[in-house]
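Working notes, structure below.
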Amino acid sequence: HIREKDGLWAVLAWMSILMKANENVDEWVTVKDIVSKHWAKYGRHFYCRYDYEAVDSDAANKMMDLIRANFVDGDCSEASTDCSDIKLVGAEEFGYTDPVDGSQTSKQGLTLSFEYANGDTARAVFRLSGTGSAGATIRMYLEKYEKDETKHDQAAPSALKGLADAAIKLVKIEELTGRDSPTVIT
């Protein structure tokens, strides 16, 4: 049994892509060449995750309740990000329906949808995990689409910093949990 096989499959997939890209070429084609060409044509999606580990469970649940009350069940148009180029445009709670047995699992996470002044979209997804050794872990997943080629070479945490700051302020992570920064950013 091999644990965490996703990484192995990713390596094999890239080896296959590189093998095909380098057939009958005079100059070596790299992964960077392939992704840069792809981003130039389709734009780039930046992804990042902030983990707040060992947060008091009551505080973590209060934060989720605030998102639910103020944005999912509330009016997103009233929300202010204090950022002139990004606005909150929607919020939803998502669940899962098992395709095999049809069972439904609710309250799997909360999504805040944003839009930048140039029309690019972004989102922050909040989930709680109780798999840590103490308290709860708040996971904030960030995603932003970027069509501007001059910004494609940014590191994901840098490209998503404004989005992260806006989301953190909206959901009052610092105020509710006492945490001024995540434990881990990946």
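The values are calculated or read from the model by the stated rules, or taken from the named source; none is laboratory data. None of these values were measured; they are calculated from a predicted model. As a convention, Cβ positions derive from the backbone with ideal geometry for all residues, glycine included, and neighbour counts pool all protein chains shown. For accessibility, only protein heavy atoms count, side chains too; no ligands or nucleic acids. Shrake-Rupley method; radii C 1.70, N 1.55, O 1.52, S 1.80 Å.
If I ask for residues that are under 21 Å from Gly178 (Cβ atoms) and small (Gly, Ala, Ser), which ones from the range 46-78 would you list?
Ala54, Ser57, Ala59, Ala60, Ala69
For the condition within 11 Å of the chain's Cα centre (by Cα) and not in a helix (DSSP H, G or I), what is the one hit in Leu142, Leu163, Leu128?
On the way: Leu163 fails: not in a helix (DSSP H, G or I); Leu128 fails: within 11 Å of the chain's Cα centre (by Cα).
From the options Leu142, Leu163, Leu128, the qualifying one is Leu142.
Which one is farthest from Asp153 (Cα to Cα) among residues in the range 1-31 that are open to solvent by less than 80 Å² (accessible area, probe 1.4 Å) and at pLDDT below 90?
Gly7
Identify, please: which residue in the range 74-106 is touching a residue at least 60 places away in the same chain (Cβ under 8 Å) and open to solvent by less than 80 Å² (accessible area, probe 1.4 Å) and is, among those, farthest from Gly119 (Cα to Cα)?
The extreme case among them is Ala79.
Considering only the range 170-186, state which residues are assigned to a loop (DSSP other than H, G, I, E, B), closer than 15 Å to Leu160 by Cβ and of a type in the set (Val, Ile, Thr).
Step one: of the range 170-186, the residues assigned to a loop (DSSP other than H, G, I, E, B) are 172, 178-183, 186.
Then drop every residue that is not closer than 15 Å to Leu160 by Cβ, which leaves 181-182, 186.
Within the range 170-186, just Thr186 meets the criteria.
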